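Single-structure report; data block below.
The values are calculated or read from the model by the stated rules, or taken from the named source; none is laboratory data. The shown structure was predicted, so the numbers you read here are calculated from the model rather than taken from an experiment. In this analysis, Cβ positions are derived from the backbone assuming ideal geometry, glycine residues included, and neighbour counts consider all displayed protein chains.
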């Protein structure tokens, strides 16, 4: 709907870098979820491409329970100058999904069938936020996980639930 | 948890560009939602910074009904080489939120209090996907909108619902 | 926490009647969902016991699309004298679930894994309300349906979504 | 769609008794939520009419945290002979809503704007089930609560989330 725009607002740039996920995905099929994510957390498997957008890293990893940290920046702002809800959804989907993944043996996959996020407080750029994901109910066909998001002062920013379909080999 | 990683997987880069949203946000307060988004669709107001990540543009805009188009690329992939659910959530949150915004007069704001996404089919990079958002129930305190996502063949990929708190001046 | 209470408020009674669902459940396994629900709608199979509480009947039945009608009464009131959200959830869960059931061949079952209801307007006793359920996305493992609730004037009272796990024989 | 049906299946009856909620609702406006629900738990205010359908009672009540117990019976069965999801939704909506109510001072009301239930295990009649509701995030405009449901062996049967709009005087 537009020709080349020109805006008075100050312009910023950022360069993203990511790796082809194909080799690590093939590797994933032969490893338990916890082993695979541990390899990723320790830097021997590259993070998924989407990680370039959100800058997410693991703080801790255990069966059914993960903690991830991200630092949103001004590129994640919505029109009103707070972090876009989609960024928050991406982090919480990752935390809930990884929590499910840590419970799966080698050869078993999963896919999110839904994600629900409740937003409680505005999120601002420039300081780390912490996403904690945990499995509430595992199962052979469906797993149900939750994740919450806190700022550095421990204030609850958002909470999510996710149902994952378990894909048996 | 890691030192500088080295991976064998092929590496890619992409540079994002965005504008400071502050000037356009100030402008937004003086305009109806439909006028504001129309200015943005026609290129006279810059898209929000998050747009740099997802490359979203308007295809049509009417009161309570918007259509947006995006082209996911390989940077949006999750570990298994399909587009990350967070990318889809970001697009659907935008479409549902913009649909609500088009119904608001100047001076009235909104904020998402929840977003729920149901994922139906894997989304792949390289082809446009179309997000349609519409208001199901408007209100002076809460508005409820839905959005769905189709591929170029008209296949339904995902669907979302969102409740927005209306902020009266 | 209490002994026998005595209240000044006026007291009402209602007697429920229902049938053992076991015989019809056994029959259900040998019929398509549409045939089974049609038998029920036409009075040759008894409604499920829960129907005694909510007084729900079919208005129309087609593959992936059902309409049900109920008349809430004063026994369904919450503490503030409007129909309890749980009654509304029960009707919408039934409409969404039956819509899924109509799409299933003989021998294939389903079970709701989630139900989400958004409440828009207070519901009052004494007049019929109409629940329409439809399948948005069918599938061999998961089906996703929606349902909405209108009053006799066509006002939208509530809307629900439900994911059902499909149980292959 | 039917004339008077005759079924071979065994028939059962149950008589419900409830009280007009109007007097207690008027009283509620002058009391804090915790005081009001405590009066109800101790039998000095009648339970809401819907309670006649589900037989719900309080086991404990504190600010932002309630425990309720119910005993489903065969009248709550769905067509396949397990307790209908709507019964479970009704109990969890009540537990989440009452948890929010306990946090409100006199004169402040609330109304559920959504309820989401995830179903994990089939629920059977004849044994008590325990619903625990708690407030995750209170607020002057919206409160967010959760509730879960366990059987007598401590098995998790279902979990719900609810957003409530707070109605200031």
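Here residue A:77 passes the criteria (1) surrounded by 20 or more Cβ atoms within 10 Å (Cβ to Cβ); (2) at the interface with another protein chain (Cβ under 10 Å from one of its Cβ atoms); (3) in contact with a helix residue (DSSP H, G or I) (Cβ under 7 Å, 6 or more places away or on another chain) except the one numbered (3). Looking only at the stretch C:143-158, which residues are out of contact with any helix residue (DSSP H, G or I) (no Cβ under 6 Å at 6 or more places or on another chain) and without any contact (Cβ under 8 Å) to a residue 60 or more places away in the chain? Selection gives C:144, C:146, C:148, C:150, C:151, C:152, C:153, C:154, C:155, C:156.
Of the residues making up the stretch C:80-104, those that are closer than 21 Å to residue C:153 by Cα and either more than 10 Å from every other protein chain (Cβ to nearest Cβ) or surrounded by 23 or more Cβ atoms within 10 Å (Cβ to Cβ) (or both) number 9. Among the residues of the stretch D:69-88, the one identified as more than 12 Å from the chain's Cα centre (by Cα), at pLDDT 95 or above and over 17 Å from residue D:14 (Cβ atoms) is D:85.
Would you mind stating whether residue C:46 is surrounded by 17 or more Cβ atoms within 10 Å (Cβ to Cβ) and facing another protein chain (nearest Cβ under 9 Å)? Against the criterion (surrounded by 17 or more Cβ atoms within 10 Å (Cβ to Cβ) and facing another protein chain (nearest Cβ under 9 Å)), residue C:46 qualifies. If you check residue A:122 against the conditions, is it at the interface with chain B (Cβ under 9 Å from one of its Cβ atoms) and under 22 Å from residue A:55 (Cβ atoms)? When the stated conditions are applied, residue A:122 passes them. Take residue C:17 and decide whether it is more than 7 Å from chain D (Cβ to nearest Cβ), touching a residue at least 24 places away in the same chain (Cβ under 8 Å), touching a strand residue (DSSP E or B) at 6+ places or on another chain (Cβ under 8 Å) and farther than 30 Å from residue D:33 by Cα. In short, no. Could you list, in sequence order, all residues of the stretch C:117-131 that are under 15 Å from the mean Cα position of the chain (by Cα) and surrounded by 21 or more Cβ atoms within 10 Å (Cβ to Cβ)? Across the stretch C:117-131, the qualifying residues are C:117, C:129, C:131. When residue B:159 is tested against the conditions (1) modelled with pLDDT under 95; (2) facing another protein chain (nearest Cβ under 7 Å), the lone failure is (1). Residues of the stretch B:60-68 include at least one that is within 17 Å of the chain's Cα centre (by Cα) and without any contact (Cβ under 8 Å) to a residue 40 or more places away in the chain.
Condition check ((1) under 26 Å from residue A:161 (Cβ atoms); (2) surrounded by 24 or more Cβ atoms within 10 Å (Cβ to Cβ); (3) modelled with pLDDT of 95 or more) across all residues:
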| position | (1), (2), (3) |
| --- | --- |
| B:59 | no, no, yes |
| B:62 | no, no, yes |
| B:106 | no, no, yes |
| B:115 | yes, yes, yes |
| B:148 | yes, no, yes |
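Hey, among the residues in the stretch C:20-41 that are modelled with pLDDT under 95 and at the interface with another protein chain (Cβ under 7 Å from one of its Cβ atoms), which one's nearest to residue C:65 (Cα to Cα)? The qualifying residue nearest to residue C:65 (Cα to Cα) is C:28. Could you tell me whether residue B:140 is more than 14 Å from the chain's Cα centre (by Cα) and in contact (Cβ under 8 Å) with a residue 24 or more places away in the chain? Taking the combined requirement at face value, the residue satisfies it.
What do you reckon, is residue D:72 surrounded by fewer than 24 Cβ atoms within 10 Å (Cβ to Cβ), touching a strand residue (DSSP E or B) at 6+ places or on another chain (Cβ under 9 Å) and closer than 25 Å to residue C:57 by Cβ? Yes, satisfied. Evaluation of residue C:40 against the conditions (1) touching a strand residue (DSSP E or B) at 6+ places or on another chain (Cβ under 8 Å); (2) surrounded by fewer than 18 Cβ atoms within 10 Å (Cβ to Cβ) shows that the sole unmet condition is (2).
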